[in-house]
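Enquirer: Got a structure for you, questions after.
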Amino acid sequence: MIHELKTLGHATLVVLENGKPLIATDPWLVGSALWRSWWLERYPTQDEYELVKRSAQLYVTHSHPDHFHWPTLRTMGPRSLLLPEFPHFMVPEFCEQNGYPVTIARAWQWYALSDTVRCASIPVPFDDSVLVVDTPDATIVNLNDTSVRRVLLQNIRDRMLVTNKPLVVLKSYSPASGGNTMFVDGKRVPLLRANEAYQAIEIPAGKHNVRLIYRDNWFYVGVAISGIGLLACAGILLVHRTNHGQK
């Protein structure tokens, strides 16, 4: 068995077994999103589009239109969708009303994609999800653009991962990713961009401790400017009251 991992467009992940696409995520492959304010940096080729279309399962992580991209799904025609389990989630009903059969992936439960590959959906507050895909060669944890707390990552490690099996963690890349600071064994390492849409770091072979910290220096600049502005306003108000009192 040969297992492959491909990434396309904005947040599309495709897992293949012997060339057959088993699952694809968040297919935004045509057009724009968010009222024509977002566009793909590189649109997939026709062969890549057909690869996603042939996937046995399509998984949508959440309802934001850059992930649940209805124009793309509409071009593919009615087909089975795998959706996460959320309270008050309107996407399943919408899809079924438009002829797209839906399977709700119960949280933390494995679903077979083939005899050797399985996947599990893990909801993340609020209305987002992590997809775990387990293959004989490695386990893939697709964090996408979720904000995952440490306790949830520890639960994923303890409940879903196999000891000593290679691990592939995917986290989306954007200009805002510049605030992310990566540490390997306590040493800061540069954040790289990989496969167009994902963050990457270089990690030597062996066992290591990896930490991701979001630290936006421009936030502190904004706080300083706001503080100076408040002090200036307070000073102007004090001078005004003093002058008014002298009159």
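A short reminder: the numbers here are calculations on the coordinates, not readings from a lab. None of the values given here were measured: they were computed from a predicted structure. Glycine gets a Cβ as well: all are built from the backbone with ideal geometry, and neighbour counts include every protein chain shown.
Enquirer: Using only the Cα atoms of the chain, construct the convex hull and provide its projected area averaged over every direction, in square nanometres to one decimal. Each step should come with its number before you reach the end.
Expert: Working: hull surface 75.7 nm².
Its Cα hull, projected and averaged over all orientations, spans 18.9 nm².
Enquirer: Right, next: Please list the non-local residues whose amide H lies under 5 Å from the amide H of Ala105, H modeled 1.01 Å from N, same-chain partners needing a gap of 5 or more.
Expert: Close amide H contacts, sequence-distant or interchain: Leu83, Glu85.
Enquirer: For Ser129, which sequence-distant residues (separation of 5 or more, or a different chain) have an amide H within less than 5 Å of its own amide H, given hydrogens modelled in the peptide plane?
Expert: Answer set, sorted by chain and number: Val124.
Enquirer: Whole-Hz Karplus ³J(HN,Hα) for region 89-94, in order, using 6.51 cos²θ - 1.76 cosθ + 1.60 and θ = phi - 60°, x for Gly and Pro?
Expert: My calculation for region 89-94 gives 8, 8, 4, x, 5, 4 Hz in order.
Enquirer: Starting at the first residue of region 36-45, write each ³J(HN,Hα) from the Karplus equation 6.51 cos²θ - 1.76 cosθ + 1.60 with θ = phi - 60°, in whole Hz, x for Gly and Pro.
Expert: 6, 9, 10, 9, 6, 6, 9, 7, x, 6
Enquirer: Let me ask you something else. At a 10 Å Cβ-Cβ cut-off, how would you order Trp39, Trp70, fewest neighbours first?
Expert: Working: Trp39 11, Trp70 16.
Ranking Trp39, Trp70 by Cβ neighbours within 10 Å, fewest first, gives Trp39, Trp70.
Enquirer: Okay, next question. Just how large is the dipole of region 3-172 about the Cα centre, in debye to the nearest 20, putting +1 at every Lys and Arg Cβ and -1 at every Asp and Glu Cβ? Display every interim value, and only then the final one.
Expert: On the way: 16 positive and 18 negative charges, 39 e Å.
Using Cβ point charges on Lys, Arg, Asp and Glu, region 3-172 gives about 180 debye.
Enquirer: Could you name the aspartates and glutamates in cross-link range of Lys20, using Cα to Cα under 15 Å and dropping any fewer than eight places away on the same chain?
Expert: Within the straight-line limit of under 15 Å, Lys20 reaches these aspartates and glutamates: Glu4, Asp47, Glu48, Glu50, Asp115.
Enquirer: Ok, one more. Would you please give the residues with an amide H less than 5 Å from that of His62, counting only those at least 5 places away or on a separate chain, with H modeled from the backbone geometry?
Expert: Phe68
Enquirer: So, R0 is 35 Å and r is the distance between the beta-carbons of Val221 and Glu50; what FRET efficiency does that work out to, to 0.05?
Expert: On the way: r = 47 Å, r/R0 = 1.34.
After rounding to 0.05, the efficiency reads 0.15.
Enquirer: May I pose another question? Out of all DSSP beta bridges in the chain, what portion is antiparallel? Express it as a percent rounded to 5.
Expert: Rounded to the nearest five, the antiparallel share is 75 percent.
Enquirer: Taking 0.36 nm per residue of separation and subtracting the Cα-Cα distance, what length does fully extending Ile201 through Asp137 add? Walk me through the numbers on the way to the answer.
Expert: Working: separation 64, 0.36 × 64 = 23.04 nm, distance 2.06 nm.
Taking Ile201 through Asp137 to full extension adds about 21.0 nm, to one decimal.
Enquirer: Pop out the ³J(HN,Hα) list for region 95-109 in order, Karplus 6.51 cos²θ - 1.76 cosθ + 1.60 with θ = phi - 60°, rounded to Hz; leave Gly and Pro as x.
Expert: Taking θ as phi minus 60°, the curve returns 5, 5, 5, 9, x, 9, x, 10, 10, 8, 7, 5, 4, 6, 9 Hz for region 95-109.
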